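Presented below is the structure to which this report refers.
The values are calculated or read from the model by the stated rules, or taken from the named source; none is laboratory data. In this text, all values refer to a predicted model and were calculated from it rather than measured experimentally. FYI the Cβ positions are ideal-geometry reconstructions off the backbone, even for glycines, and counts take in every protein chain you see. Calculation scope for accessible area: heavy atoms of the full protein, side chains included, ligands and nucleic acids excluded. Shrake-Rupley method; radii C 1.70, N 1.55, O 1.52, S 1.80 Å.
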Amino acid sequence: MAIVKMKKVTITGAKEDKYKILKALQRASAVEVIDLKEIVKEELEGISFENKTITETEFNFNRVKQAYEFLRAFSDNKKGILQKREVLDAEKFEDFANTFNWMDLSNSAKSLEEEINNLKAKKSKLELQIEHYEVWKNLDVSLEELNKLKRVSYFIGTVAKKYEAELLNEFKNIDGIYIERISEKQQDLNIFVVCHRDDYNQVYEILKKYGFTKLTLELEDTPKNIITKLTNEISDIETKEEQTKNEAVKLSKSLDDLEKVYDYFSSQLEIERQTSKIINTKKSVILQGWVPEEKIGILEKSINKFNLQVYLEVEDAKEEDNPPVLLKNNPLIEPFEAITEMYALPLPNEVDPTPVLAPFFLLFFGMMMADVGYGLLLGAVSLFLLLKADLSDSLKKMVKLLALVSVPTVVFGVLYGSFFGGIIKMKPLWVDPVADPMTVLKYSIVFGIIHLYVGLGVKAYQLIKEGKILDAIFDVFFWYGLVSGLIWLLLGGGKPAQIISILSALGLLLTQGRSNKTLVGKFFGGLYGLYGVTGYLGDALSYSRLLALGLASGLIGWSFNLLIGLLGKGAVAFIFGPIIFIAGHTFNFLIGALGTFVHTCRLQYLEFFGKFYQGGGKAFKPLKISTKFIKVKEEI
């Protein structure tokens, strides 16, 4: 049960060495800097804090990030999870970032991006113009030609389609008028009208009466010729855009180098974010932080490596302090820290529940998944990812957990006689849950009660560790007595079981309300506490899911196998059998694994943690070189 002991360090150094001190801390990856601004809330004479402003580093990081995001789209080197990240030592990492000409690269990328965006904007504008001219492409005359006519007037525009008949009827009374129906779009009718100049006013009034809208497009040529011209312009733009994209593809060859600079500025920003947490005096800086006790030596070596003249004070955490929490367990237990972290980290003075929940997690997962084929598949996928994939620390912890739970999945698959839902016949070494579900149910309840008892035991350990021995008796051992007495009574324990149950119930009645001030409050508090025995019944029955999920997963797999069997032995079975087997069992494997994981976690979080665990600790987050694309190795 390992919560790493934290030490509080205070570092005082020269003001001009501030960034050097923070750099030493980052290289050590061992110190979480405390925000002293939250502690020293009032301005005191002689001290100050830096205000958070946009720095040159942040500006440079944003430039590099913008260039990276642009060039990434043109790179043919698509990195996947199986591609290992490059490893650099800290000195080479920093030297490369300071010598690589990233500024010219980012400027070139920015120019290309702007050029492509401008070309796309021009293309969109031309396409919109073509769309407008498209409805007029049947008009085979230009304004220039029309304006040469001396004795006629013309109208080009739109009128509502519903007025077409009425409009034509009124135009019948005008001699020599010419009306051409160019096109229609939705509820509008596009028309071209030519009349004698003397009839202009009469025609205009009729058109106005029916809501005529004059065409606003430029018609220096026929619409068809204009469309051809615009299309040619778009073709030229597309050619130029393709050339610009080819230049971007060439520039993206330097993407790997740009990624290193991206990571460098990202790590520099981490340093600058700490500056507002530090106290500044006229000539010195003061910072405080949390360090794991075992890493004090690493911190001192890092400070010495940078030849810093600082005063380093190390002290234990005080009772009013709330140090961050870091868990440390052996390699077999460490993956289960992910389960604890998903719920909540323990408080600094709490017990780490990880080592206790680990064996139960394995047991429950195995009982619910319970298939040799699925266990082998889960183990194979997990081991492949661990060996071949470049995983983050948190993801690697989760994959290790999946590799571990594959073992009890195989074991219970053998015990239940299940291999991909029975595709290969196996004789159960223990019990067939379909043929004899009551045996599995009984053992599920027994394992559940043991799980609850261990949770109470952890609570007793925690209370005794804090010197609260009476609380351990009242809140744990009385419950042990009552629950055990009732179980014994159900099993035929007779008079001894009755005595144990009654004495334990009296003990709970007299002690569960002890925090209340009045006698009435104490009595009813004890009565309410005693009513909690029904909760133990509900908790115990909750473990019946160990049977339910095991049956569900096995029967769904069996149903897919049955479906394959119904295909017979002909060509249909040969073609569709493998498809049904792969698709069906992949679905059952994924859904079963997800359901099993969720319900195993539920048994830990509600039934188990509910007996002793409070949680609420804040994770230890040291200042370190955080990278996205490469790994940085620091030897101190």
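Quick notes on this one:
- Test for I234: is it farther than 30 Å from F155 by Cβ and in the same structural domain as E16 (by the TED database): no
- Here K400 clears all of (1) charged (D, E, K, R); (2) at pLDDT below 95; (3) within 33 Å of the chain's Cα centre (by Cα) except the condition numbered (2).
- Top-ranked residue of region 285-297 - restricted to ones that are open to solvent by less than 30 Å² (accessible area, probe 1.4 Å) and assigned to a strand (DSSP E or B), ranked as farthest from K23 (Cα to Cα): P292
- Annotation note: Cβ proximity below 6 Å between a residue of region 600-619 that is assigned to a helix (DSSP H, G or I) and a residue that is polar (S, T, N, Q) (sequence gap 6+ or interchain) occurs for E607/S542.
- Only one of the numbered conditions (1) within 30 Å of F419 (Cα to Cα); (2) surrounded by fewer than 23 Cβ atoms within 10 Å (Cβ to Cβ); (3) modelled with pLDDT of 95 or more is violated by M367, and that is (2).
- Some residue of region 307-315 being without any contact (Cβ under 8 Å) to a residue 12 or more places away in the chain and part of a loop (DSSP other than H, G, I, E, B): yes
- Breaking point among (1) out of contact with any helix residue (DSSP H, G or I) (no Cβ under 6 Å at 6 or more places or on another chain); (2) surrounded by fewer than 19 Cβ atoms within 10 Å (Cβ to Cβ); (3) outside any loop (DSSP other than H, G, I, E, B); (4) not acidic (D, E), for K397: (1)
- Condition met for G46 (in contact (Cβ under 8 Å) with a residue 40 or more places away in the chain, in the same structural domain as K277 (by the TED database) and small (G, A, S)): yes
- Matching option when the condition is of a type outside the set (A, V, I, L, M), within 14 Å of F612 (Cα to Cα), open to solvent by less than 70 Å² (accessible area, probe 1.4 Å) and touching a residue at least 12 places away in the same chain (Cβ under 8 Å), among D471, D475: D475
- Residue within region 201-223 that is within 30 Å of N118 (Cβ to Cβ), open to solvent by less than 100 Å² (accessible area, probe 1.4 Å) and either part of a helix (DSSP H, G or I) or in contact with a Cys (Cβ under 7 Å, 6 or more places away or on another chain) (or both) present: yes
Conditions (1) surrounded by fewer than 17 Cβ atoms within 10 Å (Cβ to Cβ); (2) over 22 Å from D256 (Cα atoms), marked per residue:
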position: E58; (1), (2): yes, no
position: L105; (1), (2): no, no
position: E115; (1), (2): no, yes
position: K122; (1), (2): yes, yes
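- Restricting the search to helices (runs of 4 or more DSSP H) fully inside region 508-591 and requiring at least 3 residues that are under 30 Å from V411 (Cβ atoms) and assigned by the TED database to the domain that holds G413 gives 533-542, 545-566.
- Region 31-81: number of residues that are outside any helix (DSSP H, G or I), at pLDDT 90 or above and of a type outside the set (A, V, I, L, M, F, W, C): 2
- Residue in region 433-445 that is among the aliphatic types (A, V, I, L, M), free of Cβ contacts under 8 Å to residues at least 40 places away in the same chain and surrounded by 17 or more Cβ atoms within 10 Å (Cβ to Cβ) present: no
- Of all residues in region 359-374, those that are within 26 Å of the chain's Cα centre (by Cα) and not in a helix (DSSP H, G or I) total 0.
- Just one residue in the set P359, P355 is touching a residue at least 60 places away in the same chain (Cβ under 8 Å) and out of contact with any Leu (no Cβ under 8 Å at 6 or more places or on another chain); that residue is P355.
- Candidates in region 148-172 are the residues that are farther than 14 Å from L207 by Cβ and among the hydrophobic types (A, V, I, L, M, F, W, C); of these, the one that is least open to solvent (accessible area, probe 1.4 Å) is V152.
- Checked against the criterion of being free of Cβ contacts under 8 Å to residues at least 24 places away in the same chain, surrounded by 15 or more Cβ atoms within 10 Å (Cβ to Cβ) and either of a type in the set (D, E) or not in a helix (DSSP H, G or I) (or both), the candidates E300, E259 yield just one match: E300.
- The lone criterion from (1) surrounded by fewer than 16 Cβ atoms within 10 Å (Cβ to Cβ); (2) in the same structural domain as A28 (by the TED database) left unmet by V64 is number (1).
- Options K318, K277; residue that is farther than 29 Å from F93 by Cβ and either open to solvent by less than 20 Å² (accessible area, probe 1.4 Å) or at pLDDT below 95 (or both): K318
- Candidates V351, V356 - the one that is hydrophobic (A, V, I, L, M, F, W, C), open to solvent by less than 40 Å² (accessible area, probe 1.4 Å), over 27 Å from L25 (Cβ atoms) and in a loop (DSSP other than H, G, I, E, B): V351
- Residue check for L326: modelled with pLDDT of 95 or more and open to solvent by 40 Å² or more (accessible area, probe 1.4 Å): yes
- Residue among E32, E94 that is open to solvent by less than 80 Å² (accessible area, probe 1.4 Å), over 28 Å from the mean Cα position of the chain (by Cα) and acidic (D, E): E94
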